[in-house]
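Reading through the structure tokens given below for one structure.
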Amino acid sequence: MNRIFFRFFVLVMLSITAATFVIYLAISRLFGDPVEDIARRQAAAPIVLLQDYVDQAGADEWLTRLNKVREVSEVRYDLIDLDEARHSVAPGQVADLERGDVVLVPGEKTLYRRVDLKGERYIGSDHDVIRASNLPIDLGVPVKMEIVRFVIVALALLAPIALWSRSHWQGLQALSRVADEIGAGKLTARARMKPSASIYPLAERINDMAGRIQSLLESQRNLLHSVSHELRTPIARLEFGMELLAAQADDPALKKRVAAMEADLAELNSLVNELLGMARLDSVQSLQLAPFAVAPMLRECVDALPPSAHSVECSADDSLGSVDADRRLLARAVGNLVRNAQKYATRRIALSASRPAAGGLEIVVEDDGPGIPPEERERIFEPFYRLDRSRDRATGGFGLGLSIAHKAVALHGGSLRVEDALLGGARFVVTLPPERVL
Ligand code: ADP
């Protein structure tokens, strides 16, 4: 927001500067250069002396008068050649010089004037120019006056602009806060603004949009929750029925088939449980925040793993300190990542955590498995998304594990990303923001 104001400020200053130059050029063209005008007034005495005293003298007296003036004046008078004078004045002033006008060069405090156009004063004088230097010209005060005028105009313009953009700025800040809150999952956030505020219509639209998103997400969550919930009872009844059937079946072929059906039911049951878990993960309010030590939580995640051929190298010591987070949820996220690593690793799995210099906490799960191709690294966090190779039931789950981990970390204001591991496989990095770390 400050950037907008700054850019606006620079734009206004540039416009004022440009306007000042245009005014100067226009006035110079229409009424003559104002700087030269000031200089001419300051150098009025030597000019009058030249024009009315020296120049009015007769041919025999002309040089005498000039010398007299030289004696009494601080100004230096020299006679120089017309060609030299032509080079000393600006190209636009050469014609004036040749015509016999007084030509001023204010920056050099010097004026030039042709002495005698017809060569009547003394021999060769038609090629002489009188140069008066060290004139009493001081442009400091007029320049300072111009600067003061410029500053006053700039302030007079900037003050209302600052007031005007302040009201917008505050409103826009309120809107960006609301957008941040909605993005972080607080769907009840709304922009409160007076109807007289200039961006009130925009705030109204954002509020409407937030309302619609909230109701859409709520109905989606309710649907997911209700369907999963409603499925539980028939699944429980089916499980009970299957157990009875298995107990009563004598035929080994039937027993085998019932066992297979029981396995399918167990799978269905765990899918429903996962879905219910996901549905609960959609709002920040569901978080149960409390401080806890990180290292023991990570060690517990490793201990809770199902038995597997690969052991996990866990490097988490007590110097990691504590975080203020939902322990159960974070453990679930890390657990999902380590379980995936177990599924896909060839031999090695490493779980580690550190506190980066920039603050916060990083938990890293690496393995030496096939890894995740770069083009899939965004999509694998979507619900039900699985890579083709895991679609065979040997390794694949429902494709919900990473999505749940991602949501759990995002609810804490953190992020979950995947990259190449030094071990050769996938490297999942959970980052918790500094405000979560104690
Ligand atoms: P699933 O329950 O199928 O494991 P996930 O959401 O946990 O679902 O993972 C999604 C997909 O990401 C998996 O099907 C798998 O293809 C891939 N994946 C997850 N973790 C790893 C890993 N450590 N190494 C390689 N691929 C992985």
Calculated FRET value between Thr64 and Ala19, using beta carbons and R₀ = 56 Å, to 0.05
0.60
Using θ = phi - 60° and the Karplus relation 6.51 cos²θ - 1.76 cosθ + 1.60, list the HN-Hα couplings for the stretch 8-22 in order, rounded to whole Hz, with x at every Gly or Pro.
4, 4, 4, 4, 5, 4, 5, 5, 5, 4, 4, 4, 4, 5, 5
Calculate what fraction, in whole %, of the accessible area of the chain sits on carbon and sulfur atoms when a 1.4 Å probe is rolled over the protein chains.
58 percent
Whole-Å distance, taken between Cα centres, linking the stretch 359-389 and the stretch 164-216:
35 Å
Can you give the net charge of the other residues whose Cβ lies under 13 Å from the Cβ of Ala341, counting K and R as +1 and D and E as -1?
+1
Whole-Hz ³J(HN,Hα) from phi, Karplus 6.51 cos²θ - 1.76 cosθ + 1.60, for the stretch 269-281, glycine and proline x
4, 6, 4, 4, 5, 4, 4, 5, x, 5, 4, 6, 8
Loop-located chymotrypsin sites (Phe, Trp or Tyr not before Pro) in the stretch 334-438 whose Cβ has at most 11 other Cβ within 10 Å (DSSP):
Phe384
Length-normalised contact order of the chain in % [C-alpha pairs under 8 Å, at least 6 apart]
10 percent
For helix 401-411, report the angle its Cα long axis makes with the longest principal axis of the Cα atoms of the chain; keep it between 0 and 90° and round to the nearest 10°.
50 degrees
State the dimensionless ratio Rg/Rh of the stretch 200-279 (Rg: radius of gyration of Cα atoms; Rh: Kirkwood radius).
1.37
Taking 10 °C and 1.306 mPa s as the conditions, I'd like the Stokes-Einstein D for the stretch 2-141 in µm²/s, using the Kirkwood hydrodynamic radius from alpha carbon pairs.
93 µm²/s
If each Cα of the chain is one equal point scatterer, what is log10 of I(q)/I(0) from the Debye formula at q = 0.06, 0.08 Å⁻¹?
-0.57, -0.70
Give a residue-ordered list of calculated ³J(HN,Hα) values for the stretch 424-430 (Karplus: 6.51 cos²θ - 1.76 cosθ + 1.60, θ = phi - 60°; whole Hz; x for Gly, Pro).
x, x, 8, 10, 9, 10, 9
Residue with peak Gaussian network fluctuation, the chain [Cα springs, cutoff 10 Å], from Gly241, Gly321, Gly413:
Gly241
How big is the accessible area of Arg427 in square angstrom, nearest 10, if you roll a 1.4 angstrom probe over the protein chains?
60 Å²
Which residue, chosen from Asn207, Met145, Leu158, occupies the Cα position most advanced towards the positive end of the dipole of the stretch 145-278, where the dipole is computed from +1 (Lys, Arg) and -1 (Asp, Glu) charges on Cβ about the Cα centre?
Met145
Given the C-alpha centroids of the stretch 1-80 and the stretch 293-320, what is the distance between them in whole angstrom?
86 Å
Charge tally for neighbours of Glu382 with beta carbon under 14 Å away, counting Lys, Arg as +1 and Asp, Glu as -1, is +1
Evaluate E = 1/(1 + (r/R0)^6) for Leu217 and Ala309, where r is the Cβ-Cβ distance and R0 equals 35 Å; express this FRET efficiency to the nearest 0.05.
0.25
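The values are calculated or read from the model by the stated rules, or taken from the named source; none is laboratory data. The shown structure was predicted, so the numbers you read here are calculated from the model rather than taken from an experiment. Backbone-built Cβ (ideal geometry, glycine too); neighbour counts: all protein chains shown. Keep in mind that these areas ignore ligands, DNA and RNA; they rest on the heavy atoms of the full protein, side chains included. Shrake-Rupley method; radii C 1.70, N 1.55, O 1.52, S 1.80 Å.
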